[in-house]
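Written out below as structure tokens is the structure these notes cover.
The values are calculated or read from the model by the stated rules, or taken from the named source; none is laboratory data. All values reported here derive from a predicted model rather than from experimental measurement. Every residue, glycine as well, gets a Cβ built from its backbone with ideal geometry; the counts of neighbours run over all protein chains shown. Remember, those area values only see protein heavy atoms, side chains included, never the ligands or the DNA or RNA. Shrake-Rupley method; radii C 1.70, N 1.55, O 1.52, S 1.80 Å.
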Amino acid sequence: MSCMLQSGPATAAGLAEKVGLSPAGVRRHIDKLLDSELVEACDAPAQSPAGKPARGRPAQHYRLTDSGRDRFGNGYDELALAAFAEVEELGGREAVKRLARKRAERMLGVAGDVDKRKTRGAEDVTEAANHVADAFAAHGYAAEMNHVGSGLQLCQHHCPVHAVAAEYPEICEAEHELIAELVGSTVAPLALIANGDGVCTTHISLARSTQAGGTTMRKERRR
């Protein structure tokens, strides 16, 4: 993969020459990378490396996908931490809270204030909770909603910002507060990836509510 990162779009034969393997062996490796969506087929360059138009039917070319490039690491965590640190320096933790809230609103598709007056029964809460799970899943959280006992559990098997959330718990707090407002019921965080848990788990009560729910922290954050 490192060879593909350096060479850009390349054929199996071209990669084989660079790494000193047989073209057949490289093709087998490429097939595995294609299945894992780390590599994708792409159009051949318009010109040959020598700058002359390619002749005949071009050989299949391959390049890394975004996921493949991510295997080599990125600076997203460092960039986000630096941004939050700058916000904290300029406006304190209250400014951090406001930024975390706006981030949660954008992610969950909220425009303006949430209607806190609507009376919601179990079916309403379930429908709203499923929309929340879909929004998290669309943003890379590998989220799912499950019925557990008399309530619901939102399970997020991945957190793209866990390193930042470990330093700034306002991120998780803003998400849980907004979830409670959207579903109109009580929300209780049970586990957090940012705390070192294997999955983020949030309990959502199906009890009937006449106002936006609150959040109940069941587990202290480890700083």
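Some observations on this one:
- For first residues located in region 104-116 and at pLDDT 90 or above, partners that are open to solvent by 70 Å² or more (accessible area, probe 1.4 Å) and not hydroxyl-bearing (Ser, Thr, Tyr) and lie 6+ apart or on another chain with Cβ distances below 7 Å form the pairs Met107/His139.
- Annotation note: of Ala188, Ala166, Ala174, Ala194, the sole residue that is assigned to a strand (DSSP E or B) and either touching a Pro at 6+ places or on another chain (Cβ under 7 Å) or at pLDDT 90 or above (or both) is Ala188.
- Conditions (1) open to solvent by 30 Å² or more (accessible area, probe 1.4 Å); (2) over 29 Å from Glu86 (Cβ atoms): number failed by Leu152: (1)
- Some residue of region 189-198 being under 25 Å from Gly92 (Cβ atoms) and open to solvent by 30 Å² or more (accessible area, probe 1.4 Å): no
- Contact annotation: residue pairs with Cβ atoms under 6 Å, 6 or more positions apart or on different chains, pairing a residue in region 147-172 that is in contact (Cβ under 8 Å) with a residue 24 or more places away in the chain with a partner that is of a type in the set (D, E, K, R), are Cys155/Glu144; Ala163/Asp77; Pro169/Arg221; Glu170/Lys97.
- The condition (being within 18 Å of the chain's Cα centre (by Cα), open to solvent by less than 40 Å² (accessible area, probe 1.4 Å) and over 16 Å from Leu108 (Cα atoms)) is satisfied by just one residue among Ala174, Ala165: Ala165.
- Some residue of region 139-147 being surrounded by fewer than 19 Cβ atoms within 10 Å (Cβ to Cβ) and of a type in the set (S, T, N, Q): yes
- Take the conditions (1) modelled with pLDDT under 90; (2) exposed (fewer than 12 other Cβ atoms within 10 Å of the Cβ); Ala41 misses just one of them, which is (1).
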